Amino acid sequence: MEHIKPMQISIDIESATPLFSQLVMQIKQAVQDEKVKPGDQLPSIRQLAYDLDMNNKTVAKAYRLLERDSVIVAKGYRGTFIHPEAQANCTIDLNKWVRKELTNTIQSFRQAGVTDSEIRIAFADVLNQSTGV
Amino acid sequence: MNEMTLFMLVFVTQIFLLSAYFPSRILRRSQYVLENYPASTHPKLYPKSSQYFKRAMTLYKWVNIFNMMLGLALLYFIYTGYLVGEKGLNPMLPWGYFMLQMIPSQLLEFFGMRLAKLMKQQDQRRQKSAQLKPRKLTDYVSAKLLAAVILSYFGFILIGLYLEGFVISSESKTLVMSGILLIGMLFFIGMSRWLIRGRVKDPYQSEHSRHKSVSMVIKTFCYTIIACSGFMLVALLVVTFDLKTIMPIIMSLFLQLLVILSMGFMLHNNCIEDIDFDVYKSA
């Protein structure tokens with residue numbers, strides 16, 4: 001039985017970048033570099049957590065974010081697979097989009113004369129209301 | 001040659017194979033590792049000094065020597081008739097002794113797990129890596145071997161039922177034995193799953209070495225199940241044709257076969273030269 005070397009990811013446990021972000025970035029990078037292809041199966045959350053010696057919840061969070069970005073798709077008990085449109089979806093950076101939208105909104109508030117502390121308080125209130133805190 | 005003489009000959013091979021031959025091969029292997037990959041060049045291999053390693057091997061050696069002496073004592077008591085009842089020798093005697101002979105191997109296993117735990121605790125590397133691919137049973141054993149395991153199980157049931165005239169009842173020995181075999185199979189499936197998907201024991205072990213060792217362990221599980229199906233069938237034949245007096249001989253031969261298929265297979269195929277020891281060198 002030939003042992004084919006599959007794609008490997010590497011995590012720096014002492015890096016300032018959160019572990020789940022490192023996982024997300026590396027999986028997206030692997031998709032962009034075509035090291036994993038649409039339809040390829042990914043390891044289970046538990047297998048990856050065991051191999052990287054990290055908590056299951058960290059890997060689950062990374063998988064959740066990748067699923068939200070349509071880079072991977074969970075198919076119940078069959079496992080998790082690379083999304084058919086993963087290559088295109090990898091280029092969509094939701095964080096960048098959020099920053100851009102917020103910059104525009106804050107700019108219009110400032111133009112209207114709203115102070116930074118008022119914006120901060122209002123932002124925190126709205127954020128807390130929306131998450132039900 | 002009567003059955004008792006034949007049993008004694010077979011039992012002598014059990015004593016020497018399991019308490020002398022295989023242990024000496026394991027000890028030679030350990031000695032080779034100590035000499036060629038010492039703590040000075042491969043510190044990660046010895047998380048608790050090489051003395052600890054040597055002590056474990058000494059313990060292993062003496063438990064085996066004790067087992068061998070015990071085996072020879074049992075042989076003497078069989079020869080003098082002290083252990084032979086009216087119905088002949090108890091077929092469970094070779095099995096009971098086999099369980100004792102397996103204690104040193106369990107000690108080694110326990111020692112290996114303890115070493116791996118210490119290795120993990122001392123692992124200072126910042127980088128952790130993993131493969132982005134799910135591991136499956138068929139990555140480790142061929143589909144043919146898995147099919148052979150299933151065929152041997154159902155083959156046993158079919159032949160067993162044939163011997164019993166296809167009478168299915170709660171007293172059917174075939175059904176009871178197939179139940180025991182099924183429990184054994186489920187145990188091996190659980191163990192294989194744990195080996196394939198479970199936590200990495202040795203944090204430094206290269207992916208290739210891990211793949212190879214897991215593959216070999218699962219193959220030995222498969223061979224063991226096939227051998228057990230064969231043994232169960234022979235046991236059924238012994239009962240059917242009332243050959244109970246040869247049962248201790250068959251039992252001892254079967255246990256020796258099991259060890260050859262597991263320990264012998266591992267020692268023969270997992271050559272020490274093929275193991276990547278560079279991963280244990282100081283960074």
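Across region B:86-100, the qualifying residues are those that are more than 15 Å from B:Phe254 (Cα to Cα) and of a type outside the set (A, V, I, L, M, F, W, C), and the one among them that is least open to solvent (accessible area, probe 1.4 Å) is B:Gly88. When each of A:Asp53, A:Asp33, A:Asp40 is tested for being facing chain B (nearest Cβ under 9 Å), at pLDDT below 95 and farther than 18 Å from A:Val73 by Cα, the lone residue that passes is A:Asp53.
A quick yes/no check of all residues on (1) modelled with pLDDT under 90; (2) part of a helix (DSSP H, G or I); (3) open to solvent by 70 Å² or more (accessible area, probe 1.4 Å):
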site	(1), (2), (3)
B:Leu9	no, yes, yes
B:Phe22	no, yes, no
B:Arg29	no, yes, no
B:Phe53	yes, yes, no
B:Tyr60	no, yes, no
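Going by what's in this entry, would B:Tyr223 be described as free of Cβ contacts under 8 Å to residues at least 60 places away in the same chain and in contact with a helix residue (DSSP H, G or I) (Cβ under 6 Å, 6 or more places away or on another chain)? For B:Tyr223, the condition - free of Cβ contacts under 8 Å to residues at least 60 places away in the same chain and in contact with a helix residue (DSSP H, G or I) (Cβ under 6 Å, 6 or more places away or on another chain) - is met. Across region A:97-112, not a single residue is classified as of a type in the set (Asp, Glu), free of Cβ contacts under 8 Å to residues at least 60 places away in the same chain and open to solvent by 90 Å² or more (accessible area, probe 1.4 Å). The set of residues in region B:195-240 that are open to solvent by less than 20 Å² (accessible area, probe 1.4 Å), away from chain A (no Cβ under 12 Å) and of a type outside the set (Ser, Thr, Tyr) comprises B:Cys222, B:Ile225, B:Ala227, B:Ala235, B:Leu236, B:Val238. In region B:119-130, is there at least one residue being buried (at least 18 other Cβ atoms within 10 Å of the Cβ), of a type in the set (Gly, Ala, Ser), over 29 Å from the mean Cα position of the chain (by Cα) and farther than 30 Å from B:Ala56 by Cα? Yes: region B:119-130 contains one or more residues that are buried (at least 18 other Cβ atoms within 10 Å of the Cβ), of a type in the set (Gly, Ala, Ser), over 29 Å from the mean Cα position of the chain (by Cα) and farther than 30 Å from B:Ala56 by Cα.
The values are calculated or read from the model by the stated rules, or taken from the named source; none is laboratory data. Predicted model only: the values in this text are computed from it and were never measured. So basically every Cβ, Gly included, is an ideal-geometry build from the backbone, and we count neighbours across all protein chains shown. Accessible surface is based on the protein model in full, side chains and every heavy atom, while ligands, DNA and RNA are left aside. Shrake-Rupley method; radii C 1.70, N 1.55, O 1.52, S 1.80 Å.
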